[in-house]
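Derivation of every value follows stated rules applied to the coordinates shown; laboratory data play no part. All figures in this text were calculated on a predicted structure; none of them were measured in a lab. Here the Cβ positions follow ideal geometry from the backbone for every residue, glycine too, while neighbour counts run over all protein chains shown.
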């Protein structure tokens, strides 16, 4: 066995696996979305986009992403910079802050359900404070804003950790000398953050944002746990087409729409946060 | 991987194995970049050969080709009359010391030194005996139970050398082994390594960019430049009679002075307005070269303007201007001169060297 | 720059310090308090879970958990989850680690393309794969099977396994391996004797990471299993119908391994992402 072929032998299993379970299924999904039994057609797309629920679920998904991701980014940046200057206790604080990383979206939905359900902790607290005398049913169709808030909070609670980890790792790669140099030149902590941390963190920011934005468009289980059918999102519609309507073509069409939005945003983020060649650390 | 014939493993070096190394027509490319260009070199049994050159000259690549860590595009490597360039590193009868020591962090010092012996499946007593003997030789017998994380850089260096010596190899290859140590430790280890290697009578190839290290340790130095060996000879010869202008300028600190010389016929050359005796050739123009320490103040000689004086303790390093070019001289520190003065300096006649301006080769 | 008098600057620095500490504690509470609420609900009797107002301390009643354990299909769903996650862990590491090693040690034509393929997987909403695979699996008889789902979860986990092991192997100087070769090892023995002992803790961490990815996955599990539901799929399916105490106990069981796993891999979390970023 020659050393020349060794790397190919080593990457072969992954390549095979990804071709079989990643590339091939996507070809299938595309095929399914563009056919109804007789040749190429856009009928599936007309079908799903024409359904009255589609604009609502598209709007819900996009609004959620727009509300959640910026807050997560700001929060993760804040936490990462806080941790950066921390002496003792850093490990403990980091552990606590990264706990949600291991928690599934379904579990996160259930956890926030414990707070927002009718006999939940929010109602209990408000009645304890004398604000209300009877538990209000918060999560119903009369309070769409509240459902939105609960889902957004659960998402922010759960998925800020992954951004935090990427950003902390990224900040760790920035040499301390740059900060010292900036300090010598009279830059305040805020200026140092703005002029050194942010630009040098661009690769990490781009990774974190791409990952988060894609996951935000895939939001599903949190919504199912907290809003159920009251708050339709794209991924939930996919699930419904597949199982309740038994319409595989429709499910595939929505899947491709999610995919299209994801790719568009990935390209946009990578373009905005591109680092010029030679300007890397 | 079929046939292997370990060479001289376990044999006492110097008793019966003649570990002469022959490097024949070695060439190596990395993409478009020619790292090594037609290298030919013979290293005698028990010789201490230093490969000297600036970074990127190909010296480490050559060493790694001999070790089998890199494959040459062309050429052959022979050790002790046996061609080895197709063998894997473990079958070449070599041991290697790496620049950053490569002491295994998960093993104790004892197991590090004994690693190669264990791979040969030697009996426990034999391993223990040889590890202890080598550890004693390198003065690390009190560290045998420690891990690499608990050692200083110098101690790690000793472990790395002991690990190579314990193999009792035909050839030891060293890749800048002292470059990560501080200056004082480097000087101490230099002398110690030279002693230990001479005692072990192992053929050694030693890569370094430090000319002092090369001068003080080598039997012979191969000066490398841009992928080829420029000159391979004894340290004194390299210093006194550089074969090319590159060697002359690379070796020696401060570097040699070069001044253009114009032919006046019959072996007479005009250098900065002064006449010198030189080679009698047809070439119209050469370069005159003299080392700064081979210059002394005199009545007749090169007239120079003093620009900077740097006292170095025993000497003064005087930087002068001669016809618009820099000219350095190492002069006695008792000398009373000031910047801006014009003085006359005479080169020691038998130390003057001449180089062809086109080929840059020495002209005799 | 203005020069503040020493007392003022010392004062502002001190108050700044208090704000800093308070925000750290607040953010810790933000993470922990919701978990604590879940814990209260889990360790309360079903009656207490459904009553109002809630007590803010648990009454340490195992009623909810017992109900969970006795709920039809729940224990087998738990077992399925563990099996799928275990299989995913083994497959993603045995398939992913060699590729990570190849990326860290060799330069070969096609390396860029391979890395692109790996990174591409991150830009795609992978759970959607479950839809066409559901059809493919029915044809091959893998539908509704532990192994079939583990294959999909492995696809989710493999990019991470490759990138994490790539960063682990890159962290080990190639000289250690080369030293082993000159000391009588071949590629395989050098890997066994030198590289493996050094990366094993990191490999374990990335295996655990793969486990958690599978353990938490909801969508593909719900699409691909019908009889052999995993815990997440089972809980999702019964969200509308199951009583609150069942949801909370289920949620709790989902969270516990995550807590332990994140604790186990905490040392590697940041190192893993450091290189995986590029």
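Side notes on the structure shown:
- Estimated FRET transfer efficiency when R0 is 51 angstrom, pair residue C:75-residue C:189 (beta carbons, to 0.05): 0.70
- Fraction of beta bridges assigned by DSSP in region B:113-235 that are antiparallel (%, nearest 5): 50
- Taking packing as the residue-averaged number of other Cβ atoms within 10 angstrom, the listed peptides C:184-197, C:89-102 run from highest to lowest as C:89-102, C:184-197.
- Between residue B:219 and residue B:336, full extension at 0.36 nm per residue minus the direct alpha carbon distance yields a gain of 38.1 nm.
- DSSP bridge pairs, the protein assembly as shown: antiparallel proportion in percent, nearest 5: 80
- Dividing the mean sequence gap of close Cα pairs (under 8 Å, 6+ apart) by how many residues chain C holds gives a relative contact order of 27 percent.
- Relative counts (whole %) of C-alpha pair distances in region A:1-106, using bins that are 10 Å wide: 10, 17, 20, 25, 20, 7, 1
- The mean of 1/r over all distinct Cα pairs in region B:151-293, once inverted, gives the Kirkwood hydrodynamic radius of 17.9 Å.
- Based on every Cα atom in region A:93-180, Rg and the maximum pairwise Cα distance Dmax equal 18.2, 59 Å.
- The distance between label points at residue C:33 and residue A:20 comes to 5.0 nm (points 7 Å beyond Cα on the Cα→Cβ vector).
- Potential lengthening of the chain between residue A:49 and residue A:8 amounts to 10.3 nm, from the contour at 0.36 nm per residue minus the alpha-carbon distance.
- Take every Cα pair under 8 Å whose residues are at least 6 apart in sequence, average their separation, divide by the length of region C:98-225, and the relative contact order is 42 percent.
- Alpha carbon centroid spacing (whole Å) that separates region C:7-47 from region C:143-204: 39
- Inter-centroid distance (Cα atoms) of region C:73-130 relative to region B:115-168, Å: 41
- Distance from region A:1-48 to region B:231-308 (C-alpha centre basis), Å: 72
- Quick note on region C:181-229: its Rg to Rh ratio, both from C-alpha atoms and Rh being the Kirkwood radius, is 1.35.
- Largest first and in whole Å, the equivalent-ellipsoid semi-axes of region B:21-249 read 30, 20, 15, each the square root of five times a Cα gyration tensor eigenvalue.
- In terms of Cα atoms, the Rg and Dmax of region B:253-358 work out to 13.9, 44 Å.
- Label-to-label distance, nm, for residues given as residue C:66 and residue B:307 (7 Å Cα→Cβ offset): 9.6
- Helix axis angle, B:124-137 relative to chain B longest principal axis, alpha carbon, degrees: 20
- Computed from the C-beta positions of residue A:129 and residue A:66 and an R0 of 30 Å, the FRET efficiency is 0.40 to the nearest 0.05.
- Cα-based shape type of region A:21-272, given that a ≥ b ≥ c are square roots of the gyration tensor eigenvalues and the cut on a/c is 1.5: oblate
- Among A:176, A:240, a tally of other beta-carbon atoms within 10 Å of each Cβ gives an order, fewest to most, of A:176, A:240.
- Considered as an equivalent ellipsoid built on the Cα gyration tensor, region C:73-276 has semi-axes of 36, 19, 14 Å, the largest given first.
- Rounded to 0.05, the FRET efficiency of the residue A:143 and residue C:25 pair, given R0 = 30 Å and the Cβ-Cβ distance, is 0.45.
- Note on region A:232-281: percent of Cα-Cα distances in each 10 Å bin, starting at 0 and stopping at the bin with the largest distance, equals 24, 32, 19, 14, 9, 1.
- Normalising the average separation of contacting C-alpha pairs (under 8 angstrom, six or more residues apart) by the number of residues puts the relative contact order of region A:21-272 at 31 percent.
- Rounded to two decimals, the Cα radius of gyration of the protein assembly as shown over 2.2 N^0.38 Å is 1.24.
- Degrees between helix B:183-200 axis and first principal axis of chain B (Cα, 0 to 90, nearest 10): 60
- Tilt relative to chain B, helix B:153-166 - C-alpha long axis, 0 to 90 degrees, to 10: 60
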